[in-house]
Amino acid sequence: MNLFFTYKTQFIRYLIILTLSFISLSVFGQIFSTEQNPLSVKWNYINSGGFKIIYPTELEKEAQRMANTLPYIYPKIGLGLRQQKTSIPLVLQNRGTIANGFVQLAPKKSEFYTTPPQYFDSQDWLNNLAVHELRHIAQFDKLTGNQSHPFPELVYFAYFGAGIPTWFFEGDAVVNETALTYSGRGRQPNWIMPFRASVLEGKKFSYSKAYFGSNKDVTPGYYQTGYLMVADMKEKYGKFISDSLLGDIRKRPIRLYPFSQSLKKFTGKNTNDYFLKTQQKLEDKWKAQDKLSPSENYESLNAKTDLATNYFLPARLNKNQILALKESKQNARHFVIINADQTEQRLFGIGYQEHPWFSLKNELLVWDEIRYDPRYKQRSYSVICSYNFKTKKFKSLSSKSRLFSPSLSGDGKKLVAVNVDLSNRFNLVEIETATGEILKTHPNSDNQILQTPSFDSWGNKIAYISVSEKGKSLWLLEGGKKTQLIANSRQQLTRPIFIGSKIAFNAHYNGIDNICDIDIASKKISALSDAKYGAFNLTETPDGKMIFNNYKINGYEIAEKTINEKSIGKNEFVDFSSAAEQQENAGNVFEKVPENKFESKPYRQGLNLFSVHSVIPVIDDEYVFGLELQSNNLLNTMDFYTGAKYHRDLARFEYTADVSYKALYPVLSVAYRNRPKRTFYNTKTGVKQGDWRENYTKLNASLPISINAMNHNYSFTLNVATSFTQRYMTQNMPSNFITSLKFPMEYNFTFNHSVRTTERDIAPRWAQVFRFTYDNQPFDKNLKGEILALESFLYFPGFAKNHSFLASFNYQKANGVNQYATEIATVYGYNNILAKSRLENSLLFNYRFPFAFPDWEIGSLAYVRNFRGGLFAHYENIGVDTNISQPKTYGIELNSSLNILRYQPVVDVGARLVFVNQIYNQNPILEFSFNYSF
């Protein structure tokens, strides 16, 4: 058997993929954003106490507030890590509608996405980001010695990801956001609800499963796991345990499992032992809470499943049918009708939502979803969509809007939604559903953050939630008059709904999220549910009952009960951050923030194109290696790389430079190489070796366009490139050797359409990809030749869920200097089979499927997520070769996704056995693959 090992990694890139994702409210799970804003955005900046705040001009007020806030609170946030000063740029992003925040190196900066989500903590959104992200800044400062520019930043960043588990970074930050404010995710029962439900149901986790997740079960997540472990560390080992751990790692960085070893040094337990001990503590605490918190058992109206599945926001269509928004490990989010016998009817899929949301009234359905700018992905919109059950028609009620949480009036003729403008001003707007016209805008003079409004049955009253640094409030708006029903509460108030003369909402008065109501006249609050783990999203039914989400071990299920009030029980919530709060003894760090006025200056993009941050090693292969200097500017508009590589086989150096400018609609890039070359050629006296050097310059223009609507994604990419090559210092080359290659042209166009995929999908179940390539030599008379290539990849659903069938037909026609080029997809094993003719076309059939999700923890060596299989049959040169009655290659493949050595990246390893058509007299080929993703 031939052994062929395919790989796609370089040394430093493999390290970099281990880097952390420092995200406050994770949306896509991205490492950090490299996208751009439109060039029309005008930027200012403010220098304040080590922070350089860069912001769009519309955010002047928020930037001034942050200029006062950040230097004031940083010493308190960094105290536990003995960090009192910092220096870092902070970019405020306002063009997007997705809430986010992160800290990164390479280049060192933080970004705050200023548009808040419709569900978050009971404090100001930017303060919420600041208290969390500044802890990450303090962590970086601790590890890098408080350097403003910890050169080389990319190597530092890679090492942090490789040496320190993400759960610790995030857990430490969540503990501090909770201990230093009156809010924080640690005080939200629903935030740790999945972990609590699993433990109390007797389903404990291995350390790896809790950390890395699962393709079948609900798992805690590394934020929650980290919070509970770090909170326990602080309780047992004091305020400075995080400082001790990071300090020890900085002193002794070159070790296998450095964090685990440092943890054992200070606590006597490695990461696995500490997790298991913490999990046992959680079980004891939560069992005690459960005994003190009597609950009701609600029968589920949806079909039972052992797979993590959510049925969000149930609402009755009629006596026998329920509408819900469903998603699972197998299915992307879609609307589903559940019948009385628990059978389901899929309606249609929808686009990305930050939080599940829809409103149904009078057979009209509305929801919001995120739409991206075709080119500048820092800009996104939240648009309102509708579906009419009578006419079966879809409609977009808004375009390029920033509207959230639409809720219909009883007759469905109008809706109310939250509007957020680019200066972060919030208003409630009423919209006519027939035309999409804004009927009324309600003033919000103190500009509180607004959330989840709803109409009463007649469309005359509006209930909504407001958020400020003082907490959350429940309001009633009627005839222009506002009445505050609940004032400045730290309760996680969400989704108020009118039921008769009262307003129902979610809160956690008894330490568990449940549905309550408030009497508008007396303001008396009563409980409507008494769930064991959590009840949410009430909707009143036509017969006077309430249908709602009841959380169970596998997710949000559907329950229904008669509406009856009861008194709210005693709060038995287990506050795991209480010890850390006492240690900090800071109260709320946002109290008494100064209100100074800072000078703001224009931030000139053209003068800030370079931000040199790293020199890194690069290894192309076993013969070529070197160093590269990297620069990426703060607004992601220009990348620059330059370096030198040593060719070991040639004993010569190569010099490189690459620049890419991404602010314009097309992305423009230039690549330069001064490199050594060697060739061997036949002569009458035998084979000779020839050497030369060449200057190679390539120009490329790329236009990447993508749009999304509902659950469909479309992308169009056009690339045009040319190059010039000048050869010199020729040694032992023939007299007809061509010394210049003049501007060969390359054209490429790609179209891609796909539907949303899920965790278990190996490949799209429905997608089409078409690629056109044309290369020629129009400016060089000495070099004639061209190549035309057409590729198609058609994905279809397989025989079962998450199975995928690919049919790919590809064609190329080449001549002249391009006659042996390959621009199309080839059969598996292509490089190990002696060709009988030039490649002209290929027909590829692949069937891929997952078949096992073991969640195996093999000690500290690996965590195995899944196993996937595949069958393939590949044809080549159909209509050209006479022997095509059977495929050129066919065979089987086996792949697995796993985490190696308890590192965060998901590593895909696989093996493929390729059988070759007998006419080639070729033994079977065994190929191995190795890839990774974050």
**OP:** Output the relative contact order of the range 775-900, whole-number percent, from Cα pairs under 8 angstrom with separation of 6+ residues.
**Re:** 20
Subject >> Full-stretch length increase - Gln819, Leu627 - with 0.36 nm per residue and alpha-carbon distance subtracted >> reply: 65.6 nm
Subject >> Size of electric dipole in the chain: Cβ of Lys, Arg +1 and of Asp, Glu -1, about Cα centre, debye, nearest 20 >> reply: 1000
Original post:
Taking only C-alpha pairs under 8 Å that are 6+ residues apart, what is the relative contact order of the range 337-462 in percent?
Top reply: 17
Original post:
Using Cα atoms only, what is the angle between the long axis of helix 271-292 and the major principal axis of the chain, expressed in degrees (0 to 90) to the nearest 10?
Top reply: 20
**OP:** In vacuum, with every alpha carbon of the range 805-885 counted as one equal point scatterer, what does the Debye formula give for log10 I(q)/I(0) at q = 0.18, 0.21, 0.23 Å⁻¹? Two decimals, please.
**Re:** -0.81, -0.98, -1.11
**OP:** In debye, nearest 20, what is the charge dipole magnitude of the range 547-640 about its Cα centre with +1 on Lys and Arg Cβ and -1 on Asp and Glu Cβ, if you could check?
**Re:** 580
Subject >> Convex hull of Cα atoms in the range 419-519, direction-averaged projection (nm²) >> reply: 7.3
Subject >> Within the range 621-639, backbone nitrogen closer than 15 Å to the virtual label 7 Å beyond the Cα of Tyr672 toward Cβ >> reply: 629
Original post:
Near Lys502, which lysines are there with a Cα under 18 Å away, not counting those fewer than 8 places off in the same chain?
Top reply: Lys461, Lys481, Lys482, Lys523, Lys524, Lys545, Lys561, Lys566
Subject >> For the chain: relative contact order, % (alpha-carbon pairs under 8 angstrom, 6 or more apart) >> reply: 11
**OP:** For Lys813, list the aspartates and glutamates whose Cα falls under 19 Å from its own Cα; do not include residues on the same chain fewer than 8 positions away.
**Re:** Glu746, Asp775, Glu786, Glu791, Glu823, Glu840, Glu876, Asp881
Original post:
Near Lys236, which lysines are there with a Cα under 20 Å away, not counting those fewer than 8 places off in the same chain?
Top reply: Lys264, Lys265, Lys269, Lys277, Lys281, Lys285
Subject >> Alpha-carbon Debye profile of the range 353-562, log10 I(q)/I(0) at 0.07, 0.12 Å⁻¹ >> reply: -0.21, -0.64
Subject >> Residue-averaged 222 nm ellipticity for the chain, from DSSP H runs of 4+ at -39500 (n - 2.57), nearest 500 >> reply: -5000 deg cm²/dmol
Subject >> Projected-area mean, the range 262-392, by convex hull of Cα positions, square nanometres >> reply: 14.3
Subject >> Formal net charge of residues neighbouring Asn708 (Cβ-Cβ distance under 12 Å; K, R +1; D, E -1) >> reply: +1
Subject >> Footprinting exposure proxy for Ser260, Ser295 (fewest neighbouring C-beta atoms within 10 Å first) >> reply: Ser295, Ser260
Original post:
Once both axes come from the Cα atoms, what is the angle between helix 153-163 and the longest principal axis of the chain, in degrees from 0 to 90, rounded to 10?
Top reply: 70
Original post:
If you line up the long axis of helix 189-200 against the longest principal axis of the chain, both from Cα atoms, how many degrees apart are they, to the nearest 10?
Top reply: 80
**OP:** With just the Cα atoms of the range 564-665, tell me how far they stretch along each of the three principal axes, in Å, largest first.
**Re:** 82, 43, 38
**OP:** Using θ = phi - 60° and the Karplus relation 6.51 cos²θ - 1.76 cosθ + 1.60, list the HN-Hα couplings for the range 423-438 in order, rounded to whole Hz, with x at every Gly or Pro.
**Re:** 9, 6, 9, 10, 9, 8, 10, 9, 10, 7, 6, 6, 10, x, 6, 6
Original post:
Which whole-number value in Å³ per residue fits the convex hull of the alpha carbons of the chain?
Top reply: 185
**OP:** Give the Rg/Rh ratio for the range 19-163, taking Rg as the radius of gyration of the Cα atoms and Rh as the Kirkwood radius, to two decimals.
**Re:** 0.94
Original post:
Cα-based Rg (one decimal) and Dmax (whole number) for the range 164-293, in Å?
Top reply: 14.8, 49
**OP:** Grab the alpha carbons of the range 483-557, take their convex hull, and tell me the volume per residue in Å³.
**Re:** 92
Original post:
So, counting K/R as plus one and D/E as minus one, what does the shell of residues with Cβ under 15 Å around Asp421 add up to?
Top reply: +3
Original post:
Hey, if you put +1 on the Cβ of every Lys and Arg and -1 on every Asp and Glu Cβ in the range 353-562, which of Asn514, Ser396, Asn460 ends up farthest toward the positive end of that dipole?
Top reply: Ser396
Original post:
Counting Lys +1, Arg +1, Asp -1, Glu -1, what net charge surrounds Ala814 among other residues with beta carbon under 11 Å of its beta carbon?
Top reply: -2
Original post:
Using 0.36 nm per residue, how much length does the chain from Asn596 to Phe796 gain when fully extended, once their Cα-Cα distance is taken away?
Top reply: 65.9 nm
**OP:** Provide, for q = 0.27 Å⁻¹, the log10 of I(q)/I(0) from a solvent-free Debye sum over equal Cα point scatterers in the range 736-776.
**Re:** -0.93
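Every number here is computed from the coordinates shown, using simple stated rules; none is lab data. Computed from a predicted model, the values in this text were never measured in an experiment. Note that we place each Cβ from the backbone using ideal geometry, even for glycine, and neighbour counts take in every protein chain shown.
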